[in-house]
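Here's the structure, in structure tokens; my notes come after.
Each reported figure results from applying straightforward, stated rules to the coordinates on display, with no laboratory input. Remember, predicted model here, so these are calculated numbers, not experimental data. Methodologically, a virtual Cβ is constructed for each residue, glycine included, from the backbone with ideal geometry; neighbour enumeration extends over all protein chains shown.
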Amino acid sequence: MIGYSTIGVKDLDAAKEFYCNLFGAEVLVDVGRLAMIGKSAAEPKLAVCVPFNEEPAHPGNGNMVAFTADTTEDVDALYNKAIELGATCDGAPGERIPDVFYGAYVKDVDGNKLAFFKFL
């Protein structure tokens with residue numbers, strides 16, 4: 001259902017490197033101030049951009065982009081990889097809803113909140 005989500009960033013090159021490395025993905029579209037990152041044009045993508053209004057990029061309060069994982073071990077791996085790439089912990093991996101939901105939360109270098117999760 002979702003084709004792509006967009007987040008504002010301060011340093012487009014750093015954001016492209018962070019997200020490509022985090023997901024083993026590539027830049028599929030790059031139009032200067034915006035880049036779409038993904039594994040194929042047919043799958044959902046993440047767009048990183050310098051805001052169109054040229055105001056400083058900043059994360060919204062309560063906004064988050066959540067990425068699915070195949071296993072709880074994959075959640076842990078994405079969380080650890082994000083931390084290695086410069087993200088900060090916003091909730092270590094673990095069951096959030098017993099027997100239902102396993103997740104982990106980070107903030108990227110621009111402060112955008114990300115979740116990695118697996119329904120159990």
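With the crude spin-label approximation of a point 7 Å out along Cα→Cβ, what separation in nm comes out for residue 70 versus residue 26?
2.0 nm
Let me check against my output: what whole-number percent is the relative contact order of the range 1-40, with C-alpha pairs under 8 Å and at least 6 apart?
29 percent
Highest mean first, what order results for 34-41, 68-75 on Cβ atoms within 10 Å?
Descending mean neighbour count gives 34-41, 68-75.
Cβ neighbours within 10 Å, averaged per peptide: list 4-16, 106-118 in order, most packed at the top.
Peptide ranking by packing, descending: 106-118, 4-16.
For the range 49-120, what proportion of DSSP beta bridges, expressed in % and rounded to the nearest 5, is antiparallel?
Restricted to the range 49-120, the bridges split so that about 75 percent are antiparallel.
Taking the chain, how much of its Cα-Cα pair set, in percent, is spaced more than 25 angstrom apart?
20 percent
Assign one of three labels to the range 67-120, namely rounded, prolate or oblate, based on the Cα gyration tensor with a ≥ b ≥ c the square roots of its eigenvalues; rounded applies when a/c is under 1.5, prolate when it is not and a/b is larger than b/c, and oblate otherwise.
Prolate.
Which value at 222 nm does the chain reach when only helices count, each DSSP H run of 4 or more adding -39,500 (n - 2.57), with the total divided by all residues and rounded to the nearest 500 deg cm²/dmol?
-6500 deg cm²/dmol
If you average the sequence gap of Cα pairs under 8 Å that are 6 or more apart and divide by the length of the chain, what percent do you get for the contact order?
23 percent
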